[in-house]
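See structure below.
The values are calculated or read from the model by the stated rules, or taken from the named source; none is laboratory data. Here the structure is a predicted model, which means the values were calculated and not measured. Neighbour counts run over all protein chains shown; Cβ positions are idealised from the backbone, glycine included. What goes into the accessible areas is simple: the full protein's heavy atoms, side chains included, and nothing from ligands, DNA or RNA. Shrake-Rupley method; radii C 1.70, N 1.55, O 1.52, S 1.80 Å.
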Amino acid sequence: MMTLKPTLIRALLVALLLPFFAHAAERDQETWRLNLKEADIRAFVTQVADITGYSFVVDPRVRGKVTVLSSTPMNRFEIYDLFLAVLQVHGFTAIPGEEVIKVIQQVDAKQTAEILDRFPTIPSEQLVTRVVQVNNANALELVPILRPLVAKYGHLAGVAAANALIISDHEANIRRMEAIVRELDSPSKYEVEVIQLQDAWVGDMVRLLQELAPDELARSGSDASRKYSVTADERSNRLILRGDETFREKMRDLIIKLDQPSASGGTTRVVRLRHADAKTLADLLKGVMGEVVRETQQASGQGGTTRAAAGSASFAIFPDEGLNALVVRGAPSLMQEVDSIIAALDVRRAQVLIEAAIVEISDELGQDLGVQFAVGDESGRTTPIAGTNFANVGRSLNDVLGAIVGGQLVGPAPGGITIGAGQRDRNGITWGVLLQALSTSSAANLLSTPSIITLDNQESEIIVGQNVPFRTGQSASNIEGTTNPFTTIERRDIGLTLKVTPTISEDRLVRLVVEQTTESVAESIANASDIVTNKREIKTTVLADDGETIVLGGLITDDFRIVKSKVPLLGDIPWLGRLFSSESQTRVKRNLLVFLRPTILLEKGDAQAVAERQYDGLWEVNLGVQRKLGRDTRDAERPELNSLFTPSSTVQ
């Protein structure tokens, strides 16, 4: 067997691997330009995979279009860095693993471990997690200072036991934060001191100190400005000084000289409101600022001074309803908070157009059939009178007899046919038969469409109807017996009432508290001592999108009533029993539905468009009336809406 020497083996290996190394070096030297416009992000990932040679796994939620413009040739590492930057802009990132690189959403990245061995240098846009050691400063005190610098999908936490920071962010941002930590992690002589201002406002004090100490507090980013700083804590009206003892002593002396009460003893300001109500806003601010003053007094009683508590507690507010303005007086620290509250509340309120449609359809059918007969003996030798009397169908026997006695003509019952026959002989015997077949039918279709515009979260009400009198008391005589009649009445609105309170949410969803009532005077009812009304009412709370039509509710009734009268025994005889009975059938169907559609009016033009639409409907009604009167409307010109407010202009 032939044995190869080690030197020969190494030479063979070098000869075999040399082409691969050469190809890899050539690939690293190769450059590309990327120019994409509105390309699918998955196609972009495919192109980067072909250039870099990396394998990617793409999350299904990674979707969108990307635009990349590159005028400079880049190698594959620079292409990958550009790829990470594009993903970051669109809310995604790439996390390298052992075999593949996962493309996921940025919000899920900090829960995924990254393996960076494949990169010769870590890309600047790569999302990584790093531990930053703090040597002199307190790591927990640096967390609130550095947190605003971390991306919202990143992470920053302090470890008290190790006095270190854990940061998850892009590589470039982490390098920047490491530089900031090195600057802040200064020796112990650079300390932080907090000074509570008693009369001056911290915002004004910082500007004054920057003017009086330009060398230490330069705004240009010099070395001195990085060592010394004065920060305003507007929430508690405190100054935070950072620097050595000499700097802090200098600032402390200036602050003591500048923190003096104002000559007027406070700050008074008149705030003219644009949209909010002065009285309502004043009551709100009194409650809010009263809590702030009490908290300030409690904090000052624990660790502050009596003078600071007295200065912070000086606050008063008065509304001027005539000018819709607020007169505010208070310490500068409180005035700043009052301004922010007023700015947030004094905004234009949205309006809501509420359109309702109340639809009522009714159908009534009636069928009556009856036979009545009577026999009488005027001579009195036999039974004076005998017969059947059914009052549930047409004319009753009493009506017929009364008409005969009075010598009047008996008219047929309305709504059908009436057939009668009879005879009177010479002996005074009289007989008569009355056959009545009646049928009635009535239908009604009522549509009411009230509409109203109201402010957001403001109750509104519309009433359309009549003012009907109701009798509440009556007397024909007093207690002495003398006649002194009187009748007391009470008037009540009868008709259609719509009461709505809308509330608009951030996503343009409208919450409606609705109270809808439809009331009408009923037809005359037997044995009724006063007016009878029909009432339908809905009280509910619903949610509706802007412009969505919803049904609040409805009532569907189907009343079927049969009234049958008959002579005992004789009325039960098959077929022949119809001569001794009467039957009345009534069927009433009613269908009542209430629809509602809210429309949000945010801008001035929205309300104007609604007014124009309603005015167009009025003009069409006017044209219809004119055409019914036989007038030519072809050349009629619609007046402008604003012309309605001119005294000489009318719609005809």
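Overview of results
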{"item": "Filter result (over 30 Å from Leu512 (Cα atoms) and either in contact with a Phe, Trp or Tyr (Cβ under 6 Å, 6 or more places away or on another chain) or among the aliphatic types (A, V, I, L, M) (or both)) within region 567-604", "result": "Val567, Leu569, Leu570, Gly571, Ile573, Leu576, Leu579, Ser582, Arg587, Val588"}
{"item": "Count of region 572-602 residues which are of a type in the set (A, V, I, L, M) and within 30 Å of Ser362 (Cβ to Cβ)", "result": "5"}
{"item": "Matching helices (runs of 4 or more DSSP H) fully within region 166-276 where at least 2 residues are out of contact with any helix residue (DSSP H, G or I) (no Cβ under 9 Å at 6 or more places or on another chain), closer than 28 Å to Gln336 by Cβ and at pLDDT 80 or above", "result": "202-212, 245-258"}
{"item": "Selection count, region 321-360, where residues are more than 31 Å from the chain's Cα centre (by Cα) and modelled with pLDDT of 85 or more", "result": "4"}
{"item": "Output for region 577-592, where each listed residue is more than 60 Å from the chain's Cα centre (by Cα) and open to solvent by 90 Å² or more (accessible area, probe 1.4 Å)", "result": "Arg578"}
{"item": "Qualifying residue in region 168-175 (condition: under 29 Å from Ile255 (Cα atoms) and not β-branched (Val, Ile, Thr))", "result": "no"}
{"item": "Members of region 629-639 found to be within 45 Å of the chain's Cα centre (by Cα) and either part of a helix (DSSP H, G or I) or surrounded by 11 or more Cβ atoms within 10 Å (Cβ to Cβ) (or both), listed by number", "result": "Thr633, Ala636, Arg638, Pro639"}
{"item": "Residue check for Val143: surrounded by 14 or more Cβ atoms within 10 Å (Cβ to Cβ), more than 41 Å from the chain's Cα centre (by Cα) and among the β-branched types (Val, Ile, Thr)", "result": "no"}
{"item": "Neighbours by Cβ (under 6 Å, 6+ apart or cross-chain): first from region 353-381, under 28 Å from Leu435 (Cβ atoms) and open to solvent by less than 50 Å² (accessible area, probe 1.4 Å); second part of a strand (DSSP E or B) and at pLDDT 75 or above", "result": "Gly366/Thr586; Asp368/Ser584; Gly370/Ser582"}
{"item": "Qualifying residue in region 551-565 (condition: more than 19 Å from Ile354 (Cα to Cα) and either touching a helix residue (DSSP H, G or I) at 6+ places or on another chain (Cβ under 9 Å) or surrounded by 15 or more Cβ atoms within 10 Å (Cβ to Cβ) (or both))", "result": "yes"}
{"item": "Among residues of region 316-364, those that are assigned to a strand (DSSP E or B) and within 30 Å of Gly495 (Cβ to Cβ), counted", "result": "14"}
{"item": "Among (1) in a helix (DSSP H, G or I); (2) loosely packed, with under 15 Cβ neighbours inside 10 Å; (3) not charged (D, E, K, R), the one test that Ala161 misses", "result": "(1)"}
{"item": "Qualifying positions in region 94-141 - touching a strand residue (DSSP E or B) at 6+ places or on another chain (Cβ under 8 Å), touching a residue at least 40 places away in the same chain (Cβ under 8 Å) and among the β-branched types (Val, Ile, Thr)", "result": "Val100, Ile101, Val103, Ile104, Ile122, Val128, Val132, Val134"}
{"item": "Count - residues of region 95-111 that are more than 18 Å from Val150 (Cα to Cα) and not aliphatic (A, V, I, L, M)", "result": "5"}
{"item": "Selection status of Gly553, modelled with pLDDT under 75 and under 30 Å from Asp507 (Cβ atoms)", "result": "yes"}
{"item": "Flag if Val625 is of a type outside the set (Ser, Thr, Tyr), within 22 Å of Ser448 (Cα to Cα), touching an Asp or Glu at 6+ places or on another chain (Cβ under 6 Å) and open to solvent by less than 90 Å² (accessible area, probe 1.4 Å)", "result": "no"}
{"item": "Scope region 566-576; condition open to solvent by less than 40 Å² (accessible area, probe 1.4 Å) and hydrophobic (A, V, I, L, M, F, W, C); matching residues", "result": "Val567"}
